[in-house]
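One structure is given here, and the rest of the page talks about it.
The values are calculated or read from the model by the stated rules, or taken from the named source; none is laboratory data. Here the structure is a predicted model, which means the values were calculated and not measured. Just the protein is used for accessible areas: all its heavy atoms, side chains included, with ligands, DNA and RNA removed. Shrake-Rupley method; radii C 1.70, N 1.55, O 1.52, S 1.80 Å.
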Amino acid sequence: MSAPASRPAPKLDWRAGAGRLVAAGKSLEWAGFGPAPSAELPAILLLHEGLGCLGLWRDFPRKLTEATGLPVFAWSRAGYGRSDPAKLPRPMDYMTREAVEVLPDVIDAVGAEQVILFGHSDGGTIAAEYAGRVDDPRLRGVVVMAPHFFAEPMGLQSIKDAAEAFATTDMKARMGKHHDDPEAAFRGWNDAWLNPDFHHWNVADAIDGIRVPVLAIQGEGDQYGTRAQVDEIAKRSPAPVEVLMLGDCKHAPQFEQPQAVLDAVAGFVARLARDKATSGAAQAEAP
């Protein structure tokens, strides 16, 4: 595992509620919800899906801070929302690069002593890769929701279907409500996944390096991936993994089964807090 490089002091002012930060040379929009992070309050960092952004989390960040009592931080990665553009075409390893080259800057900017990563779809992959490839003592736990660790034929077909929808429906106009450049946001994601070599893509080796508890959430009807994705993390992670499969749910559990997701995450972070307290008490009693 690599350690985060030494970086400048954090610049983010949580009291502002929203603003911009710089990560890997790009200016990114962000917003914070709930109390400021502290020694007692880990920050939950939300990593959006491949066509998502800060605004497309809708009211989920607010509901998440209400359910957990923790600060919640969300941002748009480069190429999405109102953040700076990304260089296109994206390379096939763009999620790995995001994990090891960009995410450390974001975490430093938040300035929290403890963080919990919560990633959806591409964001789930990035969160798991960070946990498995970067040695960061601030990381307490990871929530992955509809993550990808390898390509599946049914998922690639759904991405082809998305390309058809983008070309023949008002999808671009709808995306334009949330992204400065909807064409670039879509092409950056879709073109990478439809690279002819992407059916060989596999980052499951990152799971072997995870050393913090994981909550893995998957909709049983997810059109982009099967249960095999979360089974892979449950099978390979050296750390504890909880798996939540949700019926009547596709690729967006936070909107299709919001209460189940909120309850599961609230229980997960409560267990992390209890484990930390138990560990601290044991260390205090040790001779």
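On a per residue basis, the convex hull of the C-alpha atoms belonging to the stretch 22-164 measures out at 112 Å³.
For the stretch 198-237, the spherically averaged projection of the C-alpha convex hull amounts to 3.2 nm². When the inverse distances between all different Cα atoms of the stretch 143-287 are averaged and flipped, the Kirkwood radius reads 17.6 angstrom. Entry note, the chain: the mean residue ellipticity at 222 nm calculated from DSSP H runs of n ≥ 4, each adding -39500 (n - 2.57), is -11000 deg cm²/dmol after division by the residues and rounding to the nearest 500.
Rounded to two decimals, the Cα-based Rg/Rh of the stretch 159-239, with Kirkwood Rh, is 1.07. Accessible surface computed residue by residue for the stretch 28-90, with neighbouring protein chains in place and a 1.4 Å probe, gives 36 Å² per residue. Taking 27 Å as the limit for the C-alpha separation, the pairs K250/K276; K26/K250; K11/K177; K87/K250; K63/K87; K160/K250 exceed it in the case of K250/K276; K26/K250; K11/K177; K87/K250; K63/K87.
Annotation: extensible slack from E242 through D59 equals 63.4 nm (criterion: 0.36 nm per residue apart, minus Cα-Cα distance). When the solvent-accessible area of the chain is split by element, carbon and sulfur atoms take up 52 percent of it, the probe being 1.4 Å. For a straight C-alpha distance cut-off of 12 angstrom, the aspartates and glutamates reachable from K172 (same-chain residues fewer than eight places away being disregarded) are E164, D180, D181, E183. With the convex hull constructed from alpha-carbon coordinates only, the stretch 240-279 shows a mean projected area of 3.1 nm² over all directions.
Calculation over all alpha carbon pairs of the stretch 142-193 in 10 angstrom steps from 0 returns a P(r) of 22, 45, 30, 3 percent.
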